[in-house]
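Q: Got a structure for you, questions after.
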């Protein structure tokens with residue numbers, strides 16, 4: 001049946017081979033002359049077909065022009081748009097070899113692993129370029145996102161995190177790393193997760209609005225990521241929603257981004273990251289704590305949940321330390337002192353806000369890790385960017401509109 005469909009499609013397309021007269025504009029201000037009809041093999045979701053297309057040539061540009069290819073979105077392509085979309089969906093979901101097997105098993109189309117890889121990454125590169133162009137247009141005011149629906153959500157959250165992606169040696173050359181040899185083997189993918197909240201559940205806990213989540217990610221420097229997040233914030237109605245909240249761990253680049261791009265946002269350090277740092281502080285002081293170390297930790301954890309950072313610092317400074325341990329304590333406490341205003345968890349809860357960045361951490365695992373961090377994988381920069389872009393689009397349940 002697919003073979004019959006392919007033959008019908010081939011006959012339908014043959015009705016217009018793209019002859020537009022003896023000459024046409026070449027697209028660069030010159031004239032291209034008709035030369036002949038030329039065949040092209042195309043793989044489609046129905047199977048392979050063969051097209052006869054009118055071929056023109058521009059003597060000035062020394063380039064061929066095929067109107068029918070442009071009309072069918074087949075310029076420099078031997079895969080139909082529908083098949084490219086199929087490849088992109090499977091190639092973003094599973095490794096390329098597995099994607100080729102799925103396409104063969106489910107659609108009866110045989111493609112090499114390398115062809116699947118190239119096609120999926122090409123679709124992802126196009127999507128990433130479109131996102132970049134749209135970001136520039138939004139930030140320049142050339143594209144104005146439509147305001148949120150009425151009534152608008154109460155709170156827009158922007159949760160940010162980063163995760164390492166294994167890269168080829170060429171991609172990490174000259175970069176410092178954490179390994180024994182000091183060489184980097186990964187590059188950081190910065191991920192943002194935006195979602196809204198309108199109400200609370202019966203227990204007074206915040207509830208994420210359904211179909212309100214959007215993801216974006218890049219391996220580019222934080223300046224580029226900052227532009228992407230700022231544009232997505234505008235698309236999501238940051239200029240209209242009553243309350244903005246920025247969620248993240250204690251990384252300085254996250255709060256620098258928040259201050260520069262969303263100065264009106266309430267900044268909140270993820271509670272579970274803060275608890276991890278508190279546990280490390282308790283382990284550091286365990287040898288000198290005169291009471292039960294676990295009791296000491298539980299008391300400090302209660303203070304942390306209440307947002308009483310000053311009490312934690314005071315309790316940790318009771319014990320006299322000198323030398324390296326004193327330096328380690330100072331460094332550990334600096335995390336809490338620097339982020340004290342971002343750790344007023346009791347107040348944030350009273351305001352009905354999320355205090356955990358679980359959505360973006362889950363995104364690091366599900367959107368990035370489950371596809372790009374499998375055993376043995378090593379990515380090029382463009383390849384990783386392409387697949388991450390596709391996966392962010394597939395994971396997003398919210399689609400913003402603009403005018």
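The values are calculated or read from the model by the stated rules, or taken from the named source; none is laboratory data. Remember, it's a predicted structure, so these values are computed and weren't measured experimentally. Because the Cβ atoms are built from the backbone with ideal geometry, glycine has one as well, and the counts that use them run over all protein chains shown.
Q: Inside segment 284-301, can you point out the residues that are part of a helix (DSSP H, G or I) and more than 14 Å from residue 335 (Cβ to Cβ)?
A: So in segment 284-301, the residues part of a helix (DSSP H, G or I) come out as 284-285, 293-301.
Correct list: 285, 293, 294, 295, 296, 297, 298, 299, 301.
Q: Something else about it: Just one of the numbered conditions (1) over 19 Å from residue 119 (Cβ atoms); (2) exposed (fewer than 14 other Cβ atoms within 10 Å of the Cβ) is not true of residue 64; which one?
A: (2)
Q: Out of the residues in segment 254-291 that are within 18 Å of residue 194 (Cβ to Cβ) and within 20 Å of the chain's Cα centre (by Cα), which is surrounded by the fewest Cβ atoms within 10 Å (Cβ to Cβ)?
A: Among residues in segment 254-291 that are within 18 Å of residue 194 (Cβ to Cβ) and within 20 Å of the chain's Cα centre (by Cα), the one surrounded by the fewest Cβ atoms within 10 Å (Cβ to Cβ) is 261.
Q: Since residue 204 meets every condition but one in (1) exposed (fewer than 13 other Cβ atoms within 10 Å of the Cβ); (2) within 28 Å of residue 342 (Cβ to Cβ); (3) in the same structural domain as residue 94 (by TED's automatic domain parsing), which condition does it not meet?
A: (3)
Q: Looking only at residues in segment 67-86 that are outside any loop (DSSP other than H, G, I, E, B) and in contact with a strand residue (DSSP E or B) (Cβ under 7 Å, 6 or more places away or on another chain), which one is surrounded by the fewest Cβ atoms within 10 Å (Cβ to Cβ)?
A: 82
Q: Which numbered condition in (1) surrounded by fewer than 20 Cβ atoms within 10 Å (Cβ to Cβ); (2) farther than 16 Å from residue 392 by Cα; (3) in contact with a helix residue (DSSP H, G or I) (Cβ under 7 Å, 6 or more places away or on another chain) is the only one that residue 127 fails?
A: Failed condition: (2).
Q: Name the residues in segment 322-344 that are crowded, with 17+ Cβ neighbours inside 10 Å and under 17 Å from residue 286 (Cβ atoms), would you?
A: Selection gives 329, 332, 333.
Q: Can you find a residue that is farther than 30 Å from residue 118 by Cα and in a helix (DSSP H, G or I) anywhere in segment 389-403?
A: There is no residue in segment 389-403 that is farther than 30 Å from residue 118 by Cα and in a helix (DSSP H, G or I).
Q: Looking at segment 50-80 only, could you name the residues that are within 12 Å of residue 13 (Cβ to Cβ) and under 36 Å from the mean Cα position of the chain (by Cα)?
A: Within segment 50-80, 68, 69, 71, 72, 74, 80 meet the criteria.
Q: State whether one or more residues within segment 383-392 are more than 24 Å from residue 193 (Cα to Cα) and buried (at least 20 other Cβ atoms within 10 Å of the Cβ).
A: No, there is no match, as no residue in segment 383-392 is more than 24 Å from residue 193 (Cα to Cα) and buried (at least 20 other Cβ atoms within 10 Å of the Cβ).
Q: Could you go through segment 14-28 and let me know if any residue there is part of a helix (DSSP H, G or I) and either closer than 11 Å to residue 66 by Cβ or without any contact (Cβ under 8 Å) to a residue 60 or more places away in the chain (or both). Give the derivation first.
A: First, the residues of segment 14-28 that are part of a helix (DSSP H, G or I): 14.
Add one more test, that the residue is either closer than 11 Å to residue 66 by Cβ or without any contact (Cβ under 8 Å) to a residue 60 or more places away in the chain (or both), and what stays is 14.
Within segment 14-28 (the criterion being part of a helix (DSSP H, G or I) and either closer than 11 Å to residue 66 by Cβ or without any contact (Cβ under 8 Å) to a residue 60 or more places away in the chain (or both)), the answer is yes, since at least one residue qualifies.
Q: Further question on the same structure: Tell me, please, whether a residue that is under 22 Å from residue 361 (Cα atoms) and in a strand (DSSP E or B) can be found in segment 133-149.
A: no
Q: Go through (1) in contact with a helix residue (DSSP H, G or I) (Cβ under 6 Å, 6 or more places away or on another chain); (2) part of a helix (DSSP H, G or I) one by one and return the number of the condition residue 160 breaks.
A: Checking residue 160 against (1) in contact with a helix residue (DSSP H, G or I) (Cβ under 6 Å, 6 or more places away or on another chain); (2) part of a helix (DSSP H, G or I), the one that fails is (2).
Q: Applying the selection to segment 28-57, what residues are exposed (fewer than 14 other Cβ atoms within 10 Å of the Cβ) and out of contact with any strand residue (DSSP E or B) (no Cβ under 7 Å at 6 or more places or on another chain)?
A: Listed by number, the residues that qualify are 28, 29.
Q: Something else: When you check residue 111 against the structure, is it in contact (Cβ under 8 Å) with a residue 60 or more places away in the chain and assigned to a loop (DSSP other than H, G, I, E, B), yes or no?
A: In short, yes.
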